[in-house]
Amino acid sequence: MFGGFWSSYAFVLMNVGGIKEAYANDYQYGQSVAIFFLPWSLFAFFLWICTFKSTLTLSALMFFIWFFVFLFTISQFIGSVKLFKAGGFFAILAGCLGFYNMQAGLMDKTNSYFTIHAIPLPQYKHNDEEHATEEV
C-alpha cells in the first residue's frame, strides 16, 4: 500500500513528466504536493483506526505512519521545514516499528531459537447476559 505512496512521491520529487513546470511558482507547487499528501493522510488515519483491536506495536506503527504523513501534509500547506523534519523523524520510528512487527510475525518456535512477542491491546469484553431481553 505505502509502496505506492513512496513511488508516487518519488515521481513528484524527481519531476517525472514535468510536474513542477506545470505550476507558476514554488508556492503553488508546494500546495499541490500538500493536496497530494492529503488523501494519503486520510487513508493512513483510517488504517490506524482499523488496528484498535490488534496489537500495540501494529497500532503504534499505523499511528506513526499516519502522523508522519499528516505532518508532511501540514508542513507543505504552511511551508514549514521544521514540521517536515519532525514528520521524517516519525517516518524513521515507523520504519523501526515496521521491522519489529515483521520480526514478531515471522519468528515463531518452529523457525527461531527465540521469539519476539507482540503486545495485544486490551479488549473490551461485552457481557451479553446484561443486555439480553427477557421474553415473557
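The table below lists the values:
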quantity	calculated
Yes/no for Ile49 being surrounded by fewer than 19 Cβ atoms within 10 Å (Cβ to Cβ), under 12 Å from the mean Cα position of the chain (by Cα) and modelled with pLDDT of 95 or more	yes
Flag if Gly30 is in a helix (DSSP H, G or I) and out of contact with any Ser or Thr (no Cβ under 7 Å at 6 or more places or on another chain)	yes
Top-ranked residue of region 100-115 - restricted to ones that are in contact with a Ser or Thr (Cβ under 8 Å, 6 or more places away or on another chain) and not in a helix (DSSP H, G or I), ranked as surrounded by the most Cβ atoms within 10 Å (Cβ to Cβ)	Met107
Leu58 vs. criteria modelled with pLDDT of 95 or more, out of contact with any Leu (no Cβ under 7 Å at 6 or more places or on another chain) and either of a type in the set (A, V, I, L, M) or not in a loop (DSSP other than H, G, I, E, B) (or both)	no
Test: residue in region 45-53 that is hydroxyl-bearing (Ser, Thr, Tyr) and either in contact (Cβ under 8 Å) with a residue 40 or more places away in the chain or closer than 18 Å to Gly98 by Cα (or both)	yes
Looking only at region 52-70, and only at residues there that are farther than 26 Å from Ala34 by Cα and polar (S, T, N, Q), the one that is surrounded by the fewest Cβ atoms within 10 Å (Cβ to Cβ)	Ser54
Single unsatisfied condition, Val16 versus (1) in a helix (DSSP H, G or I); (2) surrounded by 10 or more Cβ atoms within 10 Å (Cβ to Cβ)	(1)
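The values are calculated or read from the model by the stated rules, or taken from the named source; none is laboratory data. The structure displayed is predicted, hence computed values, not measured ones. As a convention, Cβ positions derive from the backbone with ideal geometry for all residues, glycine included, and neighbour counts pool all protein chains shown.
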